[in-house]
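Heads up: the structure comes next, in structure tokens.
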Amino acid sequence: MTARLHLQRRGLPGEPTGWGHDVHPVLQRVFAARGVLDPMQAEHRLSRMLPPQALGGMDRAVALLIEAIAGDRSILIAGDYDCDGATGSAVAMRGLRMLGAKHVNYAVPNRFVHGYGLSPALVESLQPKPRLIVTVDNGVASVAGVATAKALGIDVIVTDHHLPGEQLPQADAIVNPNLAGDGFPSKALAGVGVMFYLLLALRARMRELRAFGDGQEPDLSVLLDLVALGTVADLVPLDYNNRVLVEAGLKRLRSGRGCAGIVALVEASQRSLATLCPSDLGYAIGPRLNAAGRLEDMRIGVECLLTDDPGLARRYAQQLSAINQERRDLQAAMVAEAEAMVGQAMHTDAVGVALYEPSWHAGVVGLVASKLKERLHRPVIAFAPASEDSQEDLRGSARSIAGFHMRDALALIDARHPGLIERFGGHAMAAGLSLKAVDYPRFAEAFDAVARENLSEEALKAMLFTDGELPPGAFTLDLARQLRYAAPWGQAFPEPLFDNLFECVQWKTMGEKHLRLSLRDPRDGFVHEAVMFNAYDGTPPPGSLRAAYELTINDWQGRESVRLLLRHIEPA
């Protein structure tokens, strides 16, 4: 039931204008296809960031923090167990200390003990009790947890970016661009971005109050490497504001000014700081941090990001890499089981695919759902027992496709079948939920029904959008460099992808699954070197083919050359 990919070239909403001769026409076309029509829109300057004062709830949150700092009150950062939550916790800890907080600590829930977010169990476990809790990347759904904190006399500031439910927690302040009626122009901030904005607003207010005297105020831009990592890893859309944040963070890292933890993680993943790009953050650095929250304790990840000792950072990075390898092995086994399941009759016709295996690990089901969603081009929810001690309760992780809003779908199921879902939350493309194991068959049926109602045949076609053909003579290092560094490519601002006809003149395998190919362009006879990963299934590539590819730089022993990174091939 693997979905067949359909290649489709991106249309241009308008003609690019005002670009200099130093910007390659191909890059101008790539930008235009993403709605960037003039050079000003491609300049990612921090001075063009949206102002923090535009975020709702900011004044009250800032006032609470100023009171806590002035009164030497204890502040507790309540984080989350993913990369966004870890980087957000590190930003909060580092930033508040820079702004004068003396008694600030953090807590990250253990998904198997406390559940998600600021839960009552997490609040009750805090010893000693803080005077103020600041959530990062969670809290907008923590109605019970906030109530528990308030009953204990603890003030609560919620900073979050997830979509709210029908009921908001009774926090002292909520800062979330996705609250109904919030006027902040960008709804794409990650949790770490919301926290960074709160720190900017706090510093601005402290400046007004002359809290820094005649001294130099703290430079919060030193936190942008953490903001960039969390933003990319959380797969939020890279709108203009997020691209500004990510670009600034990448510049810090490339210039050797990143925090010791990220630098150590880059080294551990065998990436180069000088050429670091968003895909390195998303596919190499982020997964190492996420693995700690999935299988172990995210405190390891947060401590890695908080230390300024390069040696200690390397030890944390090595530990995180080992956990990530364990995660990769576990994920491979679970994905193989999931693929076997979808081949069974009960799944072959499903539009909304639900999968459950009692032996699966709750920390890895999101990755299983993601892999199956990519293969099937269907919305997928994978479930595992919520606890290692009992199989009565299930925890599910959902991944969606374009045209199917996952959180809204879960809300519709909840409205039609009250009590079926115990708890849910998330975004359009990803969500989490809990339910009883005995209710799983009924939920799977309801999920498939909602998917069938809301997904057309056209939406179920797996489309691969490209930027069209590269013309002869454009396969150059200069263009490859421009494409790599012109913008922070990523979610909703995809990396340039081209498609051309080629003749395969030579090929061989690398390892068991990878291909190295020599492809001749029939227009001018030039032969281009290409690679394709995880593509070899025993069948040789076609002699004449159409390939969708990225134009990349192969740096081998200090020598750079152009290489095509193939994403898809089909017979011509």
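The charge dipole of region 171-303, taken about the Cα centre with unit charges on the Cβ atoms of Lys, Arg (+1) and Asp, Glu (-1), comes to about 240 debye, rounded to the nearest 20. Taking Rh as the Kirkwood radius, which is the inverse of the mean 1/r over Cα pairs, what is the Rg/Rh value for region 175-308? When Rh is taken as the Kirkwood radius, the ratio is 1.00. Where only DSSP H runs of four or more residues are counted, the chain gives -11500 deg cm²/dmol as its mean residue ellipticity at 222 nm, each run worth -39500 (n - 2.57). Given +1 at the Cβ of Lys and Arg, -1 at the Cβ of Asp and Glu and no other charges, the dipole of the chain around its Cα centre is 780 debye to the nearest 20.
Place the peptides 417-426, 134-143, 173-182 in order of packing, highest mean first, counting for every residue the other Cβ atoms within 10 Å and averaging per peptide.
134-143, 173-182, 417-426
Spin-label pair S359-E166: with each label point 7 Å from Cα along the Cα-Cβ axis, the two points sit 4.1 nm from one another. Measuring nothing but how far apart in sequence close Cα pairs (under 8 Å, 6+ apart) lie, relative to its length, region 496-562 scores a relative contact order of 35 percent.
Report, to the nearest whole %, how much of the accessible area of region 506-572 belongs to carbon and sulfur atoms, 1.4 Å probe, protein only. It is 47 percent, rounded to a whole number.
Within the straight-line cut-off of under 19 Å between alpha carbons, the lysines reachable from K150 are K129, sequence neighbours fewer than 8 places apart in one chain being disregarded. When the alpha carbon gyration tensor of region 40-136 is reduced to an equivalent ellipsoid, the three semi-axes, largest first, read 27, 19, 12 Å. Solvent exposure of the chain, expressed per residue, is 43 Å² of accessible area, with all protein chains present and a 1.4 angstrom probe. Give a quick list of trypsin sites (Lys or Arg not before Pro) in region 35-67 that DSSP marks as loop, anything other than H, G, I, E or B, with at most 16 other Cβ atoms within 10 Å. Filter output for region 35-67: R45.
Pairs of Cα atoms nearer than 8 Å and 6+ residues apart set the relative contact order; for region 29-134 it is 28 percent. Working from label points 7 Å from Cα in the Cα-to-Cβ sense, the L477 to S544 distance is 3.5 nm.
For the listed peptides 291-297, 528-534, a ranking on the average number of other beta carbons within 10 Å per residue, highest first, reads 291-297, 528-534. Label reach from A572 (point 7 Å along Cα→C-beta): in region 504-546, amide nitrogens under 14 Å belong to 504-506, 518-528, 542-546. Taking the longest Cα principal axis of the chain as reference, the axis of helix 286-295 is set at about 60 degrees. On region 138-244, 51 percent of the accessible area sits on carbon and sulfur atoms, based on a 1.4 Å probe.
Peptide packing for 214-221, 74-81, 105-112 was compared via the average number of neighbouring C-beta atoms within 10 Å per residue; ordered from the highest value, the list is 74-81, 105-112, 214-221.
Legend: P(r) of region 351-418 from all alpha carbon pair distances, 10 Å bins from 0, whole percents, reading 22, 47, 29, 2. Compared with the dominant principal axis of the Cα atoms in the chain, helix 310-342 is inclined by about 60°. Pairs exceeding 28 Å between alpha-carbon atoms, taken from K187/K371; K251/K461; K187/K373; K187/K251; K461/K513: K251/K461. Taking a spot 7 Å from the Cα of S456 along the direction of its beta carbon, which residues of region 1-42 have an amide N less than 16 Å from it? Those under the cut-off are none; the list is empty. The apolar share of the surface of region 262-340, taken as the fraction of accessible area on carbon and sulfur atoms (1.4 Å probe, ligands and nucleic acids excluded), comes to 46 percent. For the chain, the relative contact order comes to 12 percent (Cα pairs under 8 Å, sequence separation of at least 6). Placing unit charges on the Cβ atoms of the charged side chains and taking the dipole of the chain about its Cα centre, the candidate lying farthest along the positive direction among A42, Y316, F383 is A42. Inter-part distance, region 1-61 to region 255-288, computed on C-alpha centroids, equals 24 Å. Taking the dipole about the Cα centre of region 63-201, with the C-beta of Lys and Arg at +1 and of Asp and Glu at -1, give me whichever of P177, I133, M93 is farthest to the positive side. Among P177, I133, M93, the one farthest towards the positive end of the dipole of region 63-201 is M93. For G490, the residues whose amide H sits under 5 Å from its own are E495, ignoring neighbours fewer than 5 places away on the same chain, with H placed 1.01 Å from N.
Tell me the angle of helix 406-416 to the major Cα principal axis of the chain, expressed in degrees between 0 and 90 and rounded to the nearest ten. The answer is roughly 60 degrees.
What FRET efficiency comes out for the pair L46/D72, r = Cβ-Cβ distance, R0 = 30 Å, nearest 0.05? About 0.40, to the nearest 0.05. Placing dummy labels 7 Å off each Cα toward the beta-carbon, the span from M463 to E124 is 5.0 nm.
Relative to a virtual label point 7 Å from the Cα of D349 in the Cα→beta-carbon direction, which members of region 1-38 show backbone nitrogen distances below 16 Å? Zone members listed by number: 1.
The values are calculated or read from the model by the stated rules, or taken from the named source; none is laboratory data. In this text, all values refer to a predicted model and were calculated from it rather than measured experimentally. Cβ atoms come from the backbone with ideal geometry, glycine included; neighbour counts cover every protein chain shown. The protein model used for the area step is the full one, side chains on, heavy atoms only, and it has no ligands, DNA or RNA in it. Shrake-Rupley method; radii C 1.70, N 1.55, O 1.52, S 1.80 Å.
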